[in-house]
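The values are calculated or read from the model by the stated rules, or taken from the named source; none is laboratory data. Being a predicted model, the structure only gives us computed values, none of them experimental. Because the Cβ atoms are built from the backbone with ideal geometry, glycine has one as well, and the counts that use them run over all protein chains shown.
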Amino acid sequence: MGKNLVTKILETHLVEGTLQPGTEIAIRIDQTLTQDATGTMAYLQFEAMGVPKVRTELSVSYVDHNTLQDGFENADDHRYLQTVAAKHGIRYSKAGNGICHQVHLERFGRPGKTLLGSDSHTPTGGGVGMLAIGAGGLDIAVAMGGGPFYLTSPRVIKVNLTGRLQPWVAAKDVILALLEKLTTKGNVGFVVEYAGDGVSTLTVPERATITNMGAELGVTTSVFPSDEVTKAFLKAQKREDQWIPLAADADAVYDKVIDLDLSSLVPRVAKPHSPDNIATVKDVAGTKVDQVMVGSCTNSSYRDLMLVASVLKGRRIKADVSFGVAPGSRQVLEMIAKNGALADIIASGARVLEATCGFCIGAGQAPRTGAVSVRTSNRNFEGRSGTKSGQVYLASPETAVAAALTGTLTDPRDLEIAYPSIEMPQEFWIDDSMILPPADKPDEITVFRGPNIGDPPKTDALPDRIKGLVTIKVGDKITTDHIMPAGSRLKYRSNIPKYAEFVFEGVDAQFSKKALENKKAGLHNVIMAGASYGQGSSREHAAICPMYLGVKAVVAKSFERIHAANLINFGILPLTFAREQDYETIAAQDSVEIADIHEALRAGRGLTLKTGAGASIALVSSLTARQREIILAGGMLNYTRMKSK
């Protein structure tokens, strides 16, 4: 029986368990990455472990999220990140060098390696044949300390690509078509592996766009084989020596196979407010557009911006459209500046933005009230743009530039413009001077700590009885952005008491106040949720801040992978309904009690939630033996300290 590519990479990194789908395994991590929104807490936790130097092959700290220095907080955090990296053997990519996933793909991505990143779009690295996985910052800290990463041994979906993309149809349309088939929920525990004759027709940047948005499917990661296209990309980055061929065996076995004919695809968009709310561009053509934004880790590569510049050359965008372009890296910016493409973009009336995440996370470029914004980013959750009433459509660069030129959603195939042929460069411009190496004499480095930086909050062991109130009840597809707003609030990421003031801010502005009052009164806070709770970002603050407010359990119809792991890491018990219809019987502010928790968890059996009205509701705890010990200890840091004694 042949092996698929996922199995081959996992086998070479397996340190615990067996590759039986649904069971827990542990793998060795070769590389880690962090970004500044999640990195400060990850490094505070790493420092708390007392490990003097990272034990990975490579760890990189990127600054790409909160580069807008509106107040001292972000600048202070950046200085902390730079000094802690210098002291502990970590490379530091300065603000302005680019978005972590784009830069890592360019300069550090290696076929066959494992990459763990404190950002949910870390699977971008699958575009060069890495097994790249997003996780919470505490899991990254453990990996930097030499510990393995635990995950559920995945089931593998083969996406068999045939044919070739037609003019004006893009890699973004491939992943949007897959989101239309699989949706954003129900895919936990799977990995997507791309194969078939169509793979060789896609460049590495196109592959990276597809693996990047695999995060929206809710799968563990996505991966492409490493072939001659991969080799050419690495050679152009002057890293040909790091290439190895990787592919599945011809008779490899998969849990599911999806056939996707690239030739048959048409331009698509994701309509507000979910990445799986898919329509063809023709279906929504004529919708007036107020803003267009090109960039983010999904679509900010050299190829993407060259496509946009070629279409714009000699043309002007519509007068009433606000149009911004953000390169993904300094490499991309320098190259389009040198070849004149940047001048074509500027001449069109575009605003050129910094090489950062920026608009994707609501850090600037919020659209006007009720505006339609077409964006090449990966998420369009309500309010994520910074404007709650904003209507965000996700689209390819081809569709985005068509909207900028016409002022409406327009199928780019209807433009009376020849489709530009964009050739991948034989050699990329390379200057790694903004990636700082660790210090030669780490003992001489003093880690800078500004007044906004606190210690990781301490957690208590899980009580045997949770007794309190349903402090909030929410519906399906609650994202980590709903739980912990990004944008301007992210500057408080290192100050948990302050950041906790904004938990569920856009859902129930009084949540934080009510939760603290309950905590002071000796009551536990419980969150009730629908399906797919915790979609989106790997931001562990969506667990840390509720923990700080006294949340002891979340009861949901289902959870997304990273958030469930973060809840466990910070001592919050994730539970699901044995019968989903019981969700309807509980209301916000109901009094609830879950008793005999320790015995039930140790025995691996379910729990019972009793309401003040006398109802008994069966709950399921889908924790592994290791996770049960972590949750009983009150979280990963407590568990690690206990194990080290």
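Candidates Ala521, Ala509, Ala418: the one that is small (Gly, Ala, Ser), surrounded by fewer than 16 Cβ atoms within 10 Å (Cβ to Cβ) and not assigned by TED's automatic domain parsing to the domain that holds Gly550 is Ala418.
Being among the β-branched types (Val, Ile, Thr), assigned to a loop (DSSP other than H, G, I, E, B) and surrounded by fewer than 24 Cβ atoms within 10 Å (Cβ to Cβ) is the requirement here; does Thr56 meet it? Break it down stepwise before answering.
On the way: among the β-branched types (Val, Ile, Thr): yes; assigned to a loop (DSSP other than H, G, I, E, B): yes; surrounded by fewer than 24 Cβ atoms within 10 Å (Cβ to Cβ): yes.
Judged against the criteria, Thr56 is a match.
Residues of the range 607-619 that are surrounded by 15 or more Cβ atoms within 10 Å (Cβ to Cβ), of a type outside the set (S, T, N, Q) and in contact (Cβ under 8 Å) with a residue 24 or more places away in the chain: Leu607, Leu609, Ile617, Leu619. Just one of the numbered conditions (1) surrounded by fewer than 20 Cβ atoms within 10 Å (Cβ to Cβ); (2) touching a Phe, Trp or Tyr at 6+ places or on another chain (Cβ under 7 Å); (3) part of a loop (DSSP other than H, G, I, E, B) is not true of Arg79: (3). The residues on offer are Gly450, Gly454, Gly506, and the sole one that is modelled with pLDDT under 95, more than 17 Å from Ile568 (Cα to Cα), touching a Pro at 6+ places or on another chain (Cβ under 7 Å) and outside any strand (DSSP E or B) is Gly506. Restricting to the range 305-355, and then to whatever is within 29 Å of the chain's Cα centre (by Cα) and of a type in the set (Lys, Arg), can you tell me which residue is surrounded by the fewest Cβ atoms within 10 Å (Cβ to Cβ)? So the residue we want is Arg351. Residues in the range 162-179 that are surrounded by 15 or more Cβ atoms within 10 Å (Cβ to Cβ) and closer than 16 Å to Val311 by Cα: 3 in all. Those strands (runs of 3 or more DSSP E) of the range 96-153 in which at least 3 residues are crowded, with 24+ Cβ neighbours inside 10 Å and under 12 Å from the mean Cα position of the chain (by Cα), considering only elements entirely within it, cover 131-134. Here is the figure for the range 367-424: residues that are acidic (Asp, Glu) and assigned to a loop (DSSP other than H, G, I, E, B) total 4.
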